[in-house]
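Visitor: Below are the structure tokens for one structure; questions will follow.
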Protein chains: 2
Amino acid sequence: MGIPSYADRMAGVSGSAVREILKLTQQPDIISFGGGLPSADSFPMEDLKSILKELTDNLTPGLLQYGETEGYRPLREEVVKLMATKGVNVAVDDVLITSGSQQGLDLVAKSFINPGDKIIVESPTYLAALQTFRMYGAEFIEAPVDADGVMAEELDKILASEENVKLIYMIPSFQNPSGRTVSTERRQAIMEVVRKYDVVLIEDAPYEDLKYTDAVYPCMKSMDTTGQVLYFGSFSKVITPGFRLGYSIASEPILSRMIIGKQTCDLNCSVFSQAVLAEFLKRGLLPDHLKKINAEYKAKRDLMLKTLEETMPEGITWTHPEGGLFLWLELPAHMSTNDLFLKAVEKKVAYVAGDSFYAAGEPHNAMRINFSNATPDKIVLGVEKLAEVIKENM
Amino acid sequence: MGIPSYADRMAGVSGSAVREILKLTQQPDIISFGGGLPSADSFPMEDLKSILKELTDNLTPGLLQYGETEGYRPLREEVVKLMATKGVNVAVDDVLITSGSQQGLDLVAKSFINPGDKIIVESPTYLAALQTFRMYGAEFIEAPVDADGVMAEELDKILASEENVKLIYMIPSFQNPSGRTVSTERRQAIMEVVRKYDVVLIEDAPYEDLKYTDAVYPCMKSMDTTGQVLYFGSFSKVITPGFRLGYSIASEPILSRMIIGKQTCDLNCSVFSQAVLAEFLKRGLLPDHLKKINAEYKAKRDLMLKTLEETMPEGITWTHPEGGLFLWLELPAHMSTNDLFLKAVEKKVAYVAGDSFYAAGEPHNAMRINFSNATPDKIVLGVEKLAEVIKENM
């Protein structure tokens, strides 16, 4: 005999398109705008070397032993300080260290979602969040969006009319994939709606500090008076994804269940890895490092925008993100970015087709382009190739 | 308003007793036989320092970037070689690196278990496996066990009569919590039964190499002709838990679904951490390191057995494990190790009450005692205190 049947949650789930593209695009001759990788040049190599050297010289068994599920206390303390700079006053017990903020998505779904429960998402939204939530049998409601983000009155209507809406999932700042940012007024209006219902608002903020504007967007957690906002932070985009560390900030009713969930997932994050990032933050290196990488990423964004202006034919539009890693490009409605993908790869340029980012899998004429990972000359060359493919297939 | 209702899977789930005990027993004056921690003295500090120094000196951005979900290829290659020494011939594609073998438990349940599906477990069995499987709505069938382990004919009867049995979960060598080992003949008999049914046998083997006997117990994966065995290995007990790394060895139908599951859980394990352990294995350090720590653990086991002989009153029995980290101690049937626990903590000694290790929560007169973590003088003192508490409450 052999292998039994898979769980229902595996039905129709395929490997993440983004992860498969990551593999495909590891071929050195491909210019990949597909992944969401930070630039390898952005990592603070010398500072991390200095910290690793110090930790190695003073290595104690405690850094190599099992640790508390909630996280390594010195790192949680640094996260508390970091959140204070964002106007969020929390205690160490409000912080859970996770294996990337991706794990936060898994743990909150595990904590709240029964099959058939509903999650309100932006349209489009982060692909891997949809995949994670689907694993728990979540159904999605796409919230109508305008230039300022999710429309508060529409959100209110959905919450008033739908049952079993447990979570709202948003990336308010420099969204993946659209690059869109929710305005401050809209954030406040959304929070007023949230407070009317029994619902958790997930504020996923991995790009929040990758900001190429002087505009200030207070995080929604800073407006949270009822403990309903679950804030996900990540070190992956601002320091390095190499240690697989992120954090969840939430009130006790949310965090306590996520901690129980984490116990069954991986017990705790690497204490050694947590000690590296705790020391990075403790040394006060983050603000200057952000200045440096934001200048680099801003230059790359500007270069991509300029090259798009210069090369793209009429009828193609794209977003002008104020931060983050992604542009969102729309082709004429009759074109399919899925159909175009292999032709683009033939020309040695890659992107992610837009339909993966919609809960319902529509529409087909958009694509996500990353501007952080490629070198400047490859940004120019890649956009030129992309424009060629588009022109040839219009 | 506020927080919505939790998912059904959270009903009745409390924090892991073992993890809570870990916290309690971090008080320095408690002698803890409760956790399953390897001894901090057992970590190969100088070798790890040397490797960390080398990796730091030659740090590349690739070690700090996102990696493949399946794992860092050099580490997977080392695992292939390690498995070959156990008579298991697999390829790199049969290896998935996980965040401790704990994550393997989560991923296999995610892949196969619908609410109401059944998992056959040893009685008693690993507490955190039960908790993880419960999160997916698994029901348990406790397999009858004799001195040689799960009885093959009884296993056959269960599989023949029960529907929706997806998984069999076993720790064949030096089991947690009982210290019991399945004999070679029994392993073969069990494998014959497994081949008759559509079922996956999980062979959890974190203690397999912590062996204090010349007896040889081939792993069940080495007897697997049908791809039905999923083998979990861990670096936590034999090198250090500090990097949170384990591995799953399985055939494609099993591993492919676990990889999809891992994508939604944490994308990938830390490449840097994987590089540390890959280098440790590549340098060929494991065999000598195992000799060293097995000599230490054997001495601790012997000391604990000797002190138990000298101090325990009539009517108390315990196992004599040939490896691993744990003894299983049974009091007279009328006594409850739960009732005794706080009295033991008052005397500054801790253990884990046995009922947590039973799927059905029975019986109440056993306890798990760890002999790897305490120093020799504390082993003696702790067992003496434990004997006192037992005598005072018989």
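Visitor: Suppose we filter region B:250-265 for residues that are of a type outside the set (A, V, I, L, M) and touching a strand residue (DSSP E or B) at 6+ places or on another chain (Cβ under 8 Å); how many remain?
Guide: 1
Visitor: Shifting gears a bit: Among the strands (runs of 3 or more DSSP E) lying completely within region B:74-150, list those that include at least 3 residues that are among the hydrophobic types (A, V, I, L, M, F, W, C).
Guide: In region B:74-150, B:95-98, B:118-121 are the strands (runs of 3 or more DSSP E) which contain 3 or more residues that are among the hydrophobic types (A, V, I, L, M, F, W, C).
Visitor: Six or more apart or on different chains, Cβ atoms under 6 Å: show the pairs whose first residue is in region A:26-45 and within 18 Å of A:Lys292 (Cβ to Cβ) and whose second is surrounded by 22 or more Cβ atoms within 10 Å (Cβ to Cβ) and charged (D, E, K, R).
Guide: Between residues of region A:26-45 that are within 18 Å of A:Lys292 (Cβ to Cβ) and residues that are surrounded by 22 or more Cβ atoms within 10 Å (Cβ to Cβ) and charged (D, E, K, R), the close pairs are A:Pro38/A:Lys237.
Visitor: Give the residues of region B:122-139 that are touching a helix residue (DSSP H, G or I) at 6+ places or on another chain (Cβ under 7 Å), more than 10 Å from every other protein chain (Cβ to nearest Cβ) and not hydroxyl-bearing (Ser, Thr, Tyr), sorted by residue number.
Guide: B:Pro124, B:Leu127, B:Ala138
Visitor: Can you report the number of residues in region B:180-192 which are part of a helix (DSSP H, G or I) and either within 22 Å of the chain's Cα centre (by Cα) or within 11 Å of chain A (Cβ to nearest Cβ) (or both)?
Guide: Qualifying residue count, region B:180-192: 6.
Visitor: Name the residue that is farthest from the chain's Cα centre (by Cα), counting only residues in region A:144-179 that are small (Gly, Ala, Ser) and buried (at least 23 other Cβ atoms within 10 Å of the Cβ).
Guide: Start the filter on region A:144-179 by keeping residues that are small (Gly, Ala, Ser), which leaves A:147, A:149, A:152, A:160-161, A:173, A:178-179.
Of the ones still in play, those that are also buried (at least 23 other Cβ atoms within 10 Å of the Cβ) are A:149, A:173, A:178-179.
Details: A:Gly149: 16, A:Ser173: 10, A:Ser178: 11, A:Gly179: 11 Å.
The residue in question is A:Gly149.
Visitor: When you scan region B:369-376, do you find a residue that is within 28 Å of B:Glu322 (Cβ to Cβ), surrounded by fewer than 20 Cβ atoms within 10 Å (Cβ to Cβ), of a type outside the set (Phe, Trp, Tyr) and in the same structural domain as B:Thr317 (by TED's automatic domain parsing), even just one?
Guide: Yes, the conditions are met somewhere in region B:369-376.
Visitor: Residues being closer than 29 Å to B:Lys49 by Cα, outside any loop (DSSP other than H, G, I, E, B) and within 25 Å of the chain's Cα centre (by Cα): count how many of those fall in region A:25-46.
Guide: Residues in region A:25-46 being closer than 29 Å to B:Lys49 by Cα, outside any loop (DSSP other than H, G, I, E, B) and within 25 Å of the chain's Cα centre (by Cα): 4 in total.
Visitor: Can you tell me which residue among B:Lys262, B:Lys237 is of a type in the set (Lys, Arg) and in a helix (DSSP H, G or I)?
Guide: Only one candidate qualifies: B:Lys262.
Visitor: Return the residues of region B:229-249 that are under 17 Å from B:Leu37 (Cα atoms) and either acidic (Asp, Glu) or more than 10 Å from chain A (Cβ to nearest Cβ) (or both); say none if nothing qualifies. Lay out the reasoning, then the answer.
Guide: Initially, region B:229-249 is screened for residues under 17 Å from B:Leu37 (Cα atoms), giving B:233-246.
B:Gly233, B:Ser234, B:Phe235, B:Lys237, B:Val238 - these are the residues of region B:229-249 that are under 17 Å from B:Leu37 (Cα atoms) and either acidic (Asp, Glu) or more than 10 Å from chain A (Cβ to nearest Cβ) (or both).
Visitor: Look through region B:45-87, keep the residues that are among the β-branched types (Val, Ile, Thr) and surrounded by fewer than 21 Cβ atoms within 10 Å (Cβ to Cβ), and return whichever of them is farthest from A:Ser42 (Cα to Cα). Give the derivation first.
Guide: Filtering region B:45-87 down to residues among the β-branched types (Val, Ile, Thr) leaves B:51, B:56, B:60, B:69, B:79-80, B:85.
Those left that are additionally surrounded by fewer than 21 Cβ atoms within 10 Å (Cβ to Cβ): B:56, B:60, B:80, B:85.
Numbers: B:Thr56: 17, B:Thr60: 12, B:Val80: 34, B:Thr85: 41 Å.
Looking at the filtered set, the residue picked out is B:Thr85.
Visitor: Where residues in region A:261-313 are acidic (Asp, Glu) and at pLDDT 95 or above, which of them is nearest to B:Gly104 (Cα to Cα)?
Guide: Of everything passing the filter in region A:261-313, A:Glu279 is nearest to B:Gly104 (Cα to Cα).
Visitor: Still on this structure, I have one more. Any idea which of (1) within 7 Å of another protein chain (Cβ to nearest Cβ); (2) surrounded by fewer than 24 Cβ atoms within 10 Å (Cβ to Cβ); (3) in contact (Cβ under 8 Å) with a residue 60 or more places away in the chain; (4) polar (S, T, N, Q) is the one B:Thr226 doesn't satisfy?
Guide: With (1) within 7 Å of another protein chain (Cβ to nearest Cβ); (2) surrounded by fewer than 24 Cβ atoms within 10 Å (Cβ to Cβ); (3) in contact (Cβ under 8 Å) with a residue 60 or more places away in the chain; (4) polar (S, T, N, Q) applied to B:Thr226, the lone miss is (3).
Visitor: In this structure, is A:Tyr197 more than 20 Å from A:Pro253 (Cβ to Cβ), aromatic (Phe, Trp, Tyr) and over 15 Å from the mean Cα position of the chain (by Cα)?
Guide: no
Visitor: Still on this structure, I have one more. Among the residues of region B:300-354, write down those that are hydroxyl-bearing (Ser, Thr, Tyr) and either in contact (Cβ under 8 Å) with a residue 40 or more places away in the chain or on the phi > 0 side of the Ramachandran plot (or both).
Guide: Across region B:300-354, the qualifying residues are B:Thr307, B:Thr311, B:Thr319, B:Tyr351.
Visitor: OK, next. Can you tell me which residues in region B:114-123 are modelled with pLDDT of 95 or more and under 18 Å from B:Pro172 (Cβ atoms)?
Guide: Residues satisfying the conditions are B:Ile119, B:Ile120, B:Val121, B:Glu122.
Visitor: So, one more: Would you kindly identify the helices (runs of 4 or more DSSP H) lying entirely within region B:286-394 that contain at least 1 residues that are among the aromatic types (Phe, Trp, Tyr) and under 27 Å from B:Ala129 (Cβ atoms)?
Guide: Fully inside region B:286-394 and qualifying: B:286-311, B:337-346.
Visitor: With B:Asp209, B:Asp204, B:Asp224 as the choices, which residue is among the charged types (D, E, K, R), farther than 30 Å from A:Leu64 by Cα and touching a strand residue (DSSP E or B) at 6+ places or on another chain (Cβ under 9 Å)?
Guide: Just a single option satisfies the conditions, and that option is B:Asp224.
Visitor: Can you report the number of residues in region B:193-223 which are in a helix (DSSP H, G or I), surrounded by fewer than 24 Cβ atoms within 10 Å (Cβ to Cβ) and touching a Lys or Arg at 6+ places or on another chain (Cβ under 7 Å)?
Guide: 2
Visitor: For B:Thr307, work out the one condition from (1) in contact with a Ser or Thr (Cβ under 9 Å, 6 or more places away or on another chain); (2) assigned by TED's automatic domain parsing to the domain that holds B:Pro38; (3) surrounded by fewer than 23 Cβ atoms within 10 Å (Cβ to Cβ) it doesn't fulfil.
Guide: (1)
Visitor: Go through the residues of region B:355-362 one by one and say whether even a single one is within 20 Å of B:Thr125 (Cβ to Cβ), crowded, with 24+ Cβ neighbours inside 10 Å and in contact (Cβ under 8 Å) with a residue 40 or more places away in the chain.
Guide: yes
The values are calculated or read from the model by the stated rules, or taken from the named source; none is laboratory data. All figures in this text were calculated on a predicted structure; none of them were measured in a lab. As a convention, Cβ positions derive from the backbone with ideal geometry for all residues, glycine included, and neighbour counts pool all protein chains shown.
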